[in-house]
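The values are calculated or read from the model by the stated rules, or taken from the named source; none is laboratory data. Computed from a predicted model, the values in this text were never measured in an experiment. Cβ sites come from the backbone with ideal geometry, for glycine too, and all protein chains shown count toward neighbours.
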Amino acid sequence: MNDIEFVVKKGEMLGIIGPNGSGKTTLLKCIARSIDPEGAIIVLGRSSKEYTNEEYAKIVSSMLPNWPNGFSMKSYEVVLMGCRNRACSLWWERDEDIKLVEEILNLMGIYHLSNRDFDTLSSGEQRKILIAKSLAQKTDIILLDEPVAYLDLKHKIEVMDILKALTQLGKTVIISIHEIELACSYCDKILVLNRGKIIAYGRPRDVINEDLLREVYGIEAIVKWEGDGPIIIPKTKKLKNEVVMCLK
Amino acid sequence: MLGVIKRRKIRLIVYISFLFILLFTAFLSSLMIGAYPLSPIEVINALISPSNDAGSIIVNNYRVPRALLAIVTGFSLGMAGGVIQSLTRNPLADPYITGMSSGAALGAAIAFIAPLNIFMIPFFAFAGGLSSILLTMFLARKSRAGPIGFILAGIAVGTIFSAVLMFILVIAAERAHGILYWIYGSFSTSNWNKFQVILPIVIPSFIFLLINARDLNILLLGEEHASQLGINAKRLWNLMLLVSSLSVSTCVAFSGIIGFIGLVAPHMVRLIVSSDNRFVLPLAGLTGAFLLLVSDNIVKSPFNPIGEIPVGVITSMMGAPFFIYLLLRRGERYHI
């Protein structure tokens, strides 16, 4: 990635969009300190490199890919791990942490999953449990890699509603997302990446247009704005002759 | 959920109490069992008022340190097995399979033959055990074959260390006879001296491992996730490996290589109770202690027709079928 420079303000929700392999996850990993970038990432006035793991976990929580697997652990135990960043007790979680986790699971409509083995959940359910774990960290900055992927429409909207509500509490939310319409409806700013570079950055209405879709995704589409969100309609539905020839 | 967690805490206390009772029973019977069988009254008398008669000397000078050594060694193997399985996220790992025991035995044998002071033996055993586990980890990472790579590397490293050990034993043929017996695991030469050397090393190790049981759960999520939850994952990983190999190596130095306790004990806890390391570590320790003490009781029982055999033979005979059971019954989807 090159020449990446942007500022996210407190209480803002930033949606990072771009084609597969454009660098969305890499950017999030840099902010989460999973990858050590050459430049500097300033978090609350200090370089991210200056923080210890413990300090950073109190400010930034994240849900990144490469999920853990291969162990049997109850879902609520995974969410409870989020409270580790402010652990006062050595061995057992505090009652108030357990109550917080209960509230988060209820809020996200996944309380019924709490006693299930994490490994037996569907991808969408695992994703929601890991989002709940990030929320249990109670940090001011939340990084989520494709939080709504694998979810049905109802749950996509529920997750985005929760994230939006968090920004109203003054928390900063940075997500990578493929659903452009959804991103534009909820995010204050959109950052468009392609091949490791920033193509556009700004308010959704200023950023998302037909030229951008052509440049970044290589598609011809009509973009219509309805309220806060765009509707993207592919211009032509071309029948791929190669497919017909190959698979007939 | 609060209720569920409270019930789990109560269950932990119940299981610990139950295992303590079992262990205490096995301990008392171990004081009675031996070439010179004693009645419960004789044992209690010997414990309460030590005297110079044969029964009292046997109990206080030989059987008590022997039973305590078996308990500490079993606890150490069981707990270290649970730790290593979690650190490597590999259900098949244990101090024996990862080559740690062979390395420790080699180190201890060198110290034995040299011959060095008894207090130097644990350090040599530790150096041997640590170098073998580090070599195993290095090879496993290089192979990029995941859990299978770890097991194969462990077997290879264990075999190399065992071969070097055998070579040394052949060269030092005159001194080797006693050592050979010891290598296959035996408590027959236990005494208070050995116990005094082991205790100051293993007790702090146990405390350290138990304190970090909760963070060990988080390490199961992987280094990246653990770091994001505020843990210095690399340092904790290294420290836990170091401490568990220290406690295992010290025990191996005095009791020889005892297989399968480190594998079987943590799995029994996971199958019956929970995979949470706050349960696995203490309960696997107690289960390991109980299994090893019972095995030692079988070994020294006067009804044993062939006389005293290495305790490692009994633990392997109990452990290997369990290993096969794990492989066949739960191999498809078995997790830490």
Inset, instruction - Look through region B:21-58, keep the residues that are assigned to a helix (DSSP H, G or I) and exposed (fewer than 13 other Cβ atoms within 10 Å of the Cβ), and return whichever of them is farthest from the other protein chains (Cβ to nearest Cβ). - result: B:ALA54
Legend entry - Any helices (runs of 4 or more DSSP H) falling wholly within region A:1-82 and containing at least 2 residues that are within 13 Å of chain B (Cβ to nearest Cβ) and at positive phi: none
Inset, instruction - Residues being assigned to a loop (DSSP other than H, G, I, E, B), over 15 Å from the mean Cα position of the chain (by Cα) and surrounded by fewer than 19 Cβ atoms within 10 Å (Cβ to Cβ): count how many of those fall in region A:106-156. - result: 7
Inset, instruction - Output yes when any residue across region B:203-212 is within 7 Å of chain A (Cβ to nearest Cβ), farther than 30 Å from B:ILE121 by Cα and not basic (Lys, Arg), and no when none is. - result: no
Inset, instruction - Please verify whether region B:215-224 includes one or more residues that are surrounded by 15 or more Cβ atoms within 10 Å (Cβ to Cβ), within 14 Å of another protein chain (Cβ to nearest Cβ), of a type in the set (A, V, I, L, M, F, W, C) and not in a helix (DSSP H, G or I). - result: yes
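Table: residues versus (1) of a type in the set (Phe, Trp, Tyr); (2) surrounded by 24 or more Cβ atoms within 10 Å (Cβ to Cβ); (3) closer than 20 Å to B:GLY312 by Cβ; (4) modelled with pLDDT of 90 or more.
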residue	(1), (2), (3), (4)
B:ALA172	no, no, no, no
B:GLY185	no, yes, yes, no
B:THR189	no, no, yes, no
B:VAL202	no, no, yes, yes
B:ALA213	no, no, no, yes
B:ASN232	no, no, no, yes
B:GLY256	no, yes, yes, no
Inset, instruction - Please indicate, with yes or no, whether at least one residue in region B:264-281 is free of Cβ contacts under 8 Å to residues at least 12 places away in the same chain, more than 14 Å from chain A (Cβ to nearest Cβ) and either farther than 30 Å from A:ILE142 by Cα or surrounded by 19 or more Cβ atoms within 10 Å (Cβ to Cβ) (or both). - result: no
Inset, instruction - Tally the residues that are closer than 30 Å to B:VAL59 by Cα and assigned to a helix (DSSP H, G or I), restricting the search to region B:265-301. - result: 20
